[in-house]
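One structure is given below, encoded as structure tokens.
The values are calculated or read from the model by the stated rules, or taken from the named source; none is laboratory data. No experiment lies behind these values; they were computed from the predicted model shown. Note: ideal-geometry Cβ built from the backbone for every residue, glycine included; neighbour counts use all protein chains shown. SASA here: full protein model, heavy atoms, side chains in, ligands and nucleic acids out. Shrake-Rupley method; radii C 1.70, N 1.55, O 1.52, S 1.80 Å.
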Amino acid sequence: MDAVQTWVINLDRAPDRLARVREQLDRLQMPFTRLPAVDARQFTPAQRALLDEATFHRRHGMTPLPGELGCYLSHIEVMRHLLASTAEAALVLEDDVRLHDTLPAVVAALMKQPAHWDVVKLSAVHSGTPVAVADLGQGHALAVMLSKCTGSSAYLMNRRAAEAWLRSPGGLLPMQLPYDHAFDRAWIYGLKQRLVVPTPCGHDDQVASTIGAPANMPSRKFKGLKRLPTHLWRVGNELRRVAYGLGQLLRQKLGGAAR
């Protein structure tokens with residue numbers, strides 16, 4: 001576990017959320033480092049410029065929220081911290097995550113099989129249509145995903161993933177999708193993206209979002225023909241996802257952990 005550094009993304013103005021996740025990590029005897037989240041209320045002009053709003057509209061069919069950009073840039077900061085450290089991997093946790101008792105054992109098992117993954121989702125909003133490819137013990141398996149699996153409450157990434165997302169052509173900046181949709185497109189970066197099933201972490205729906213739109217804000221979701229470009233883009237994206245997943249399964253079958 002010394003090869004893994006755990007980061008908790010937390011806004012300065014949300015100490016209650018930090019206390020909640022700290023209690024869980026202390027229970028699991030998992031030390032962590034707090035990463036001060038980028039606060040949408042205090043954006044610099046340079047940070048605001050990191051949103052490609054036109055592409056976000058086309059691909060996501062909505063008006064972006066300032067909090068979505070803050071969340072996105074916070075995850076980018078974890079990548080930079082990982083590459084500046086000597087750690088082999090980062091366990092990234094948002095502060096509204098629920099941690100199950102098997103998490104330490106799952107992370108340890110993943111670190112013993114580094115050739116099988118670059119980024120591993122430990123929580124999920126959609127099922128991802130997983131196909132198991134490796135046993136992790138404790139009733140968990142490492143799986144290839146064949147469909148959309150959003151959510152970024154908890155995941156493990158290695159240095160190769162951070163390097164690709166930050167520095168490769170067409171990397172994660174500028175922001176063109178919400179973070180959990182953007183980092184889910186592993187085929188662009190030549191990464192091995194996996195999911196642990198069942199997930200050892202989840203999203204706590206009882207914790208109020210710090211990203212969500214104000215209650216009096218009109219619907220930000222585009223309608224009618226204005227949403228057509230989004231539908232077309234998503235069809236292409238999901239076809240690429242299926243092709244990527246099938247390719248990963250084939251490589252796993254023919255060559256084990258070979259890329």
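Annotations
- Spatially proximal lysines relative to K221 (Cα-Cα < 18 Å; intrachain offsets below 8 disregarded): none
- Inter-label distance for L18 and V125, nm, one decimal - labels placed 7 Å from Cα along Cα-to-Cβ: 2.6
- Accessible area per residue for region 1-140 is 45 Å², calculated with a 1.4 Å probe on protein heavy atoms, without ligands, DNA or RNA.
- A Förster distance of 51 Å, applied to the separation of the beta-carbon atoms of Q206 and K253, puts the FRET efficiency at 0.80.
- When the charge dipole of region 1-93 is built from unit charges on Cβ atoms (+1 for Lys and Arg, -1 for Asp and Glu) and taken about the Cα centre, the candidate among L65, A90, V8 whose Cα reaches farthest toward its positive end is L65.
- Long-range Cα-Cα pairs in region 10-109 (distance over 18 Å), rounded percent: 58
- Rounded accessible area of H100 (nearest 10 Å², 1.4 Å probe): 70
- Over the chain: helical MRE at 222 nm, DSSP H runs n ≥ 4 each giving -39500 (n - 2.57), nearest 500: -11000 deg cm²/dmol
- Cα gyration tensor shape of the chain, rounded if a/c is under 1.5, else prolate or oblate by comparing a/b with b/c: oblate
- Here Q138 and L239 are evaluated by their C-beta separation; at R0 = 41 Å the FRET efficiency comes out at 0.75.
- Distance from the Cα centroid of region 50-103 to that of region 146-200 is 9 Å (rounded to whole angstrom).
- Fraction of accessible area attributable to carbon and sulfur, the chain (%, probe 1.4 Å): 56
- Violating pairs (Cα-Cα greater than 24 angstrom) within the set K121/K148; K148/K223; K192/K226: K192/K226
- Full extension of the chain segment joining E163 with S85 gains 26.8 nm, where the gain is 0.36 nm per residue of separation less the Cα-Cα distance.
- Length-normalised contact order of region 122-177 in % [C-alpha pairs under 8 Å, at least 6 apart]: 32
- Gain upon complete extension [T55, K223; 0.36 nm per residue less C-alpha separation]: 58.8 nm
- Additional length obtainable on full extension of the chain from L173 to T33, 0.36 nm per residue less Cα span: 48.0 nm
- Cβ crowding within 10 Å averaged over residues, with 188-195, 18-25, 39-46 ranked highest first: 188-195, 18-25, 39-46
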